[in-house]
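Structure, as structure tokens:
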Amino acid sequence: MKKIIFVLIFITATINVFAGELTRDNFTELVTDSTNNIMWQDNYVAYPRTYQWAEGINMCEALTFGSYDNWRLPTINELRSIVDYGESNPAIYNVFRNTRANIYWSSTTVGDNHGIAWQINFIRGVAKTAVKGGFTPDYGYVRCVRTID
């Protein structure tokens, strides 16, 4: 019994630390993660259509939103930090209002294979790999992030 309680406390503490402290500004449609020192875009632009990986990179780098212009595509670990494994369709913390229950790109390349990148499927919060470009590229939604200065 003591082992079960310890494991549950450990898992809960690990999830809470990884998730960070998320707060939403409804006026600016920005979500701030003060633990991980990042800010997320959460407006309608975060979900209107899918992109190839390079298009997602370019979209984030060209984005000016909330008077910030230093946006980028998030890493796989940053995307994982907003997955709420207790939810589904979408599996994301409810502070985010503009999320499709679908696949989102990360900037993280899979090992030495520069043609493949990680994605998160927000239906259940599962990570998967996808082809960045070429003759049969995969597509995904894009949610941009920035490091808080």
With an 8 Å Cα cut-off and a minimum separation of 6 or more residues, compute the relative contact order for the stretch 49-149 in percent. 33 percent
For the chain, take the longest principal axis of its alpha carbons; what is the angle in degrees between that and the long axis of helix 2-19, to the nearest 10 within 0 to 90? 30 degrees
Can you tell me the 0 to 90 degree angle between the C-alpha axis of helix 53-62 and the longest principal axis of the chain, rounded to 10? 90 degrees
The stretch 74-83 - phi-based ³J(HN,Hα) in whole Hz, Karplus 6.51/-1.76/1.60, Gly and Pro as x: x, 6, 5, 5, 5, 4, 4, 5, 9, 6
Non-local amide H neighbours of residue 126 (under 5 Å, H modeled in plane, Pro and chain starts lacking H): which ones? 121
Between 127, 101, 54, which gets the highest mean-square fluctuation from a Gaussian network model of the chain, Cα cutoff 10 Å? 54
Cα-based Rg and Dmax for the chain, where Dmax is the largest Cα-Cα distance (Å): 15.9, 55
DSSP-loop chymotrypsin sites (Phe, Trp or Tyr not before Pro) across the stretch 80-128, with at most 13 other Cβ within 10 angstrom: 85
Got a sec? How would 21, 55 order by Cβ neighbour count within 10 Å, fewest to most? 21, 55
Which far-off residues, 5 or more places away or on another chain, put their amide H under 5 Å from the one on residue 108, with H placed in the peptide plane? 76, 118
Hey, what do the phi angles of the stretch 85-92 turn into as Karplus ³J(HN,Hα) couplings, whole Hz, using 6.51/-1.76/1.60 and θ = phi - 60°, x for Gly and Pro? 6, x, 10, 8, 6, x, 8, 9
Phi to ³J(HN,Hα) by Karplus 6.51 cos²θ - 1.76 cosθ + 1.60 over the stretch 136-141, Hz, x for Gly, Pro: 10, x, 8, 10, x, 7
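Rule-based calculations on the coordinates, nothing more; no lab input. Note that the coordinates shown come from a computational prediction; the quantities given were computed from them, not determined experimentally. In this analysis, Cβ positions are derived from the backbone assuming ideal geometry, glycine residues included, and neighbour counts consider all displayed protein chains.
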